[in-house]
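The values are calculated or read from the model by the stated rules, or taken from the named source; none is laboratory data. Just so it is clear, the model here is predicted, and its values are computed rather than measured. Backbone-built Cβ (ideal geometry, glycine too); neighbour counts: all protein chains shown. Note: accessible area is taken over every heavy atom of the protein model, side chains too, but ligands, DNA and RNA are not part of it. Shrake-Rupley method; radii C 1.70, N 1.55, O 1.52, S 1.80 Å.
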Amino acid sequence: ENQPVGKPLIVTFYSYKGGVGRTTALAVCAAKLARAGKKVVVIDFDLEAPGLATFLTPSQVPVKGVVDYLIEKRVLKEIKGFRDFFLEAHSEFSGRGQLYLMPAGKVGVQYLEDIASIDLDLYARSEGNPVIELLREIQANFQPDIILLDSRTGLADIGGTLLFRLADWVVFFFYNNSQNLEGLQVIFETLFSKRTAADAIPKALFVNSIIPYHSEGDAA
């Protein structure tokens, strides 16, 4: 992919439903890119069910992350210690490259309260949009080759619209059943109905999950 000089490739991983292997695939992709010599930044936007830290930084306990950044950004004009929101993966994952993870945050009672307090106008394309500002700060602080975003499932604003519009590529994971396909249809309708003339259309890659499907009525 030919990117403008200095602009990282942004790829969003999305699934309408969980359990399709989206996060695992992203972690593997991040490690492979880093081992190939790339500088990779991964952001865990799956705020209700974060899990990337378990894959990429298993020996490190997140102290700060996406939720903390969004709350501090709302209060402070300028955040000091930006790299404190990130964990660096061990060389066994990153190889000859570099791999940084911005986890969702430190999961606990306070984390749940913080999620509930976040109220963002994520459709806005203004200078004050905190997610857009986050990506700009990542570019300035890390100069990554690629940024991978693990999106929330379902129709949440932060997953269903903004992370698509900011991406150069969107990787859609799904099961080939009516529930997943109907959900993807709604996502596409939402994406294009809220699109402005200034919005670029991201390229798309569809991945039919190979993980065995279990309906909600099946035993775990």
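The figures follow:
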| item | result |
| --- | --- |
| Enumeration of residues in segment 164-179 that are open to solvent by less than 10 Å² (accessible area, probe 1.4 Å) and without any contact (Cβ under 8 Å) to a residue 24 or more places away in the chain | none |
| Checklist (1) open to solvent by 10 Å² or more (accessible area, probe 1.4 Å); (2) in a strand (DSSP E or B) applied to Glu72, failing item | (2) |
| Failed condition for Glu127, given (1) at pLDDT below 75; (2) assigned to a loop (DSSP other than H, G, I, E, B); (3) more than 30 Å from Lys77 (Cα to Cα) | (3) |
| Members of segment 128-152 that are of a type in the set (S, T, N, Q) and open to solvent by less than 20 Å² (accessible area, probe 1.4 Å) | Asn129, Ser151 |
| Flag if Asp218 is assigned to a loop (DSSP other than H, G, I, E, B), surrounded by 11 or more Cβ atoms within 10 Å (Cβ to Cβ) and modelled with pLDDT under 75 | no |
| Within segment 178-214, considering residues that are of a type in the set (Ser, Thr, Tyr) and at pLDDT 75 or above, the one nearest to the chain's Cα centre (by Cα) | Ser209 |
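Conditions tested, residue by residue: (1) without any contact (Cβ under 8 Å) to a residue 24 or more places away in the chain; (2) out of contact with any Lys or Arg (no Cβ under 9 Å at 6 or more places or on another chain); (3) part of a helix (DSSP H, G or I).
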site	(1), (2), (3)
Lys7	no, yes, no
Thr12	no, yes, no
Lys17	no, yes, no
Thr23	no, yes, yes
Pro58	yes, yes, no
Lys64	no, no, no
Arg83	no, yes, yes
Glu92	yes, yes, yes
Tyr111	no, yes, yes
